[in-house]
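The values are calculated or read from the model by the stated rules, or taken from the named source; none is laboratory data. Computed from a predicted model, the values in this text were never measured in an experiment. All Cβ positions, even for glycine, are placed from backbone atoms using ideal geometry, and neighbour counts span all protein chains on display. These accessible areas exclude ligands, DNA and RNA; they are computed on the full protein's heavy atoms, side chains included. Shrake-Rupley method; radii C 1.70, N 1.55, O 1.52, S 1.80 Å.
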Amino acid sequence: FLHAANSRVDFAVLFPGIVSAAERADALAEHILTQAGEELAGLAGIAIRRLFAQEGARAIPLAVAGGVFQHSQRVREIFYDRVRSFDSRVDLKPGIVEPVMGALEMARRCTTAKSPSAKDA
């Protein structure tokens with residue numbers, strides 16, 4: 001594993017094995033998933049601070065997407081706990097969002113915002 005992790009291997013290929021080992025109470029695999037949750041939460045915390053510093057008391061909606069969150073309850077739990085500790089305004093949305101659905105929603109919002117209203121026609 002260490003040799004593979006230090007080479008040019010696709011880490012996504014290793015993930016199912018790490019999850020499986022963690023489910024069997026392998027301490028190293030559990031540590032890896034815990035660290036993954038903490039690292040992802042740290043990145044989210046940076047984004048939250050930079051994007052929402054001036055927002056006041058307004059809630060900050062946050063959804064998660066991707067295979068790591070979908071396939072590892074441990075990563076999700078660590079992530080959720082850490083993110084909540086960064087900012088009490090964070091409103092974590094339940095479930096895992098399909099990335100394509102988020103992209104489509106963003107495109108829809110951009111199109112709606114740019115289209116002329118009926119009174120402009």
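Here are some notes:
- Residue match in the range 100-111 (condition: surrounded by 11 or more Cβ atoms within 10 Å (Cβ to Cβ), of a type in the set (A, V, I, L, M) and at pLDDT 85 or above): no
- Within the range 79-94, the only residue that satisfies the criterion of being over 14 Å from G37 (Cα atoms), open to solvent by less than 40 Å² (accessible area, probe 1.4 Å) and within 12 Å of the chain's Cα centre (by Cα) is L92.
- R74 vs. criteria among the charged types (D, E, K, R) and surrounded by 14 or more Cβ atoms within 10 Å (Cβ to Cβ): yes
- Of the residues R76, R82, the single one that is in contact (Cβ under 8 Å) with a residue 24 or more places away in the chain and over 25 Å from L104 (Cα atoms) is R82.
- Annotation: A12 fulfils all but one of (1) of a type in the set (A, V, I, L, M, F, W, C); (2) surrounded by 15 or more Cβ atoms within 10 Å (Cβ to Cβ); (3) part of a helix (DSSP H, G or I); (4) in contact with a Gly (Cβ under 9 Å, 6 or more places away or on another chain); the unmet one is (2).
- A21 being in contact with a Lys or Arg (Cβ under 9 Å, 6 or more places away or on another chain), of a type outside the set (D, E) and at pLDDT 90 or above: no
- Count of the range 41-89 residues which are small (G, A, S), modelled with pLDDT of 90 or more and touching a Lys or Arg at 6+ places or on another chain (Cβ under 9 Å): 4
- Subset of the range 61-94 [out of contact with any strand residue (DSSP E or B) (no Cβ under 8 Å at 6 or more places or on another chain) and over 12 Å from A41 (Cα atoms)]: G67, V68, H71, S72, Q73, R74, S88, P94
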